[in-house]
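Worksheet: the structure to be examined is printed underneath.
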Amino acid sequence: MIKRFLYSQKVAPYVFVLPFILIFLIFWVYPLGSSLSMSFQKVTLGQDAQWVGFDNYTKLMGDKTFFKAVANSAIYMVLTLVILIPFPMLFAVLINSKLMWAREFFKSSFFFPALTSVVVAGTIFRLMFGEMEGSMINSILGLFGIEPMKFLKGQVTGYIALVALATWRWTGVNMLYFLSGLKNIPDDYYEAASIDGASRFQKFTKITMPLLKPTSIYVLTISIYAGLAMFIESMMLWNGNNSPKNIGLTIVGYLYRQGIEKNNLGYAAAVGIVLLAITMIINLTQLAFSGMFKKED
């Protein structure tokens, strides 16, 4: 009876998807439900939780530091999207070109930074953009007669350091996504375009970009999430969660500050729920505009 049940063709599909369902329920649905419940409570370690209704959300809407964190995360997300989608795509096209030499070397070189610990990378970039005599970036600027700059104490220069770190770490990863997408484009399309006299630019705009649309949407979706959820990079770059005038404070950093540093878990849960809502709204909107929800004819 048990053997017949296990080998049943009707049961087999459910057995295969059961691990995913269990993981989804235990590690996503349950924590989300718990966080949603906590966001309506005043929760502090060592004390009984108190139901406060929408007080945490009301307080959040008047919290200037929270809106500063939202603005920082939004600007960081936009800057990384501007860099980490078009440039990896172009690099992928160049590496995939038949004229490219040492292809495997360049793929490995671009991907290697992603294998580096973000803690190590953040520390290195903090030293590079630091104020100490001999710091790499200021030394380079000095060669052009530019006075040393306090990169990590200014809003704009702080973004430069953050985006430089993100570009160094994630360009290779996104490039590999686009390389995978390029492998699914038949060479026949390019050969037919060559026969018709199409230039390389026309091939790129009329063949490559349209057929890379699914990959581009995927990279865009995960990049939006990564931009809004960024935390460790900022924490390591400023050697803590307290940057000057909160120039490096992100939404997740503010969640950490409220939940861990100030032991205000209910308020931190509200921050997390708002972050989830913002991320879902942005991603669902861009997926709708890109036509991902339309049924194919």
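The values are calculated or read from the model by the stated rules, or taken from the named source; none is laboratory data. Here the structure is a predicted model, which is why all the values come from computation and not from measurement. Neighbour counts are summed over all protein chains in view; Cβ atoms, including those assigned to glycine, are modelled from backbone coordinates with ideal geometry. We work out accessible area using only protein heavy atoms, side chains counted, and drop any ligands, DNA or RNA first. Shrake-Rupley method; radii C 1.70, N 1.55, O 1.52, S 1.80 Å.
For the reader, a short list of remarks on this structure follows.
- Residue within segment 267-286 that is surrounded by 14 or more Cβ atoms within 10 Å (Cβ to Cβ), in contact (Cβ under 8 Å) with a residue 60 or more places away in the chain and out of contact with any Leu (no Cβ under 9 Å at 6 or more places or on another chain) present: no
- Subset of segment 111-124 [among the small types (Gly, Ala, Ser) and either in contact with a strand residue (DSSP E or B) (Cβ under 6 Å, 6 or more places away or on another chain) or open to solvent by less than 20 Å² (accessible area, probe 1.4 Å) (or both)]: Ala121, Gly122
- Val78 being in contact (Cβ under 8 Å) with a residue 24 or more places away in the chain, closer than 28 Å to Leu276 by Cα and open to solvent by 50 Å² or more (accessible area, probe 1.4 Å): yes
- Residue check for Ser8: surrounded by 11 or more Cβ atoms within 10 Å (Cβ to Cβ), free of Cβ contacts under 8 Å to residues at least 40 places away in the same chain and either touching a helix residue (DSSP H, G or I) at 6+ places or on another chain (Cβ under 8 Å) or not in a helix (DSSP H, G or I) (or both): yes
To keep it simple, each residue is scored yes or no on (1) in contact with a strand residue (DSSP E or B) (Cβ under 6 Å, 6 or more places away or on another chain); (2) aliphatic (A, V, I, L, M); (3) under 22 Å from Trp170 (Cα atoms).
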site: Ile207; (1), (2), (3): no, yes, no
site: Ala226; (1), (2), (3): no, yes, yes
site: Ile260; (1), (2), (3): no, yes, no
site: Tyr267; (1), (2), (3): no, no, no
site: Ala277; (1), (2), (3): no, yes, no
site: Gln286; (1), (2), (3): no, no, yes
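- Test result for Thr65, surrounded by 10 or more Cβ atoms within 10 Å (Cβ to Cβ), modelled with pLDDT under 90 and either of a type in the set (Asp, Glu) or within 30 Å of Thr250 (Cα to Cα) (or both): no
- Counting the residues of segment 47-58 that are open to solvent by less than 60 Å² (accessible area, probe 1.4 Å) and farther than 19 Å from Leu276 by Cβ gives 3.
- Summed over segment 256-266, residues that are open to solvent by 10 Å² or more (accessible area, probe 1.4 Å), farther than 25 Å from Arg126 by Cβ and outside any loop (DSSP other than H, G, I, E, B) total 1.
Rundown of residues vs (1) part of a helix (DSSP H, G or I); (2) closer than 21 Å to Ser223 by Cβ; (3) open to solvent by 70 Å² or more (accessible area, probe 1.4 Å), yes/no style:
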| site | (1), (2), (3) |
| --- | --- |
| Phe27 | yes, no, yes |
| Pro31 | yes, no, no |
| Ser37 | yes, no, no |
| Leu45 | no, no, yes |
| Leu60 | yes, no, no |
| Ala74 | yes, yes, no |
| Ile95 | yes, yes, no |
| Phe106 | yes, no, no |
| Ser109 | yes, no, no |
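- Here is the figure for segment 234-245: residues that are open to solvent by 30 Å² or more (accessible area, probe 1.4 Å) and part of a helix (DSSP H, G or I) total 4.
- Residue check: Val70 meets all listed conditions (1) under 23 Å from the mean Cα position of the chain (by Cα); (2) open to solvent by 40 Å² or more (accessible area, probe 1.4 Å); (3) not acidic (Asp, Glu) but one, namely (2).
- Restricting Gly253, Gly248 to residues that are under 21 Å from the mean Cα position of the chain (by Cα) and either free of Cβ contacts under 8 Å to residues at least 60 places away in the same chain or not in a helix (DSSP H, G or I) (or both) narrows the list to Gly248.
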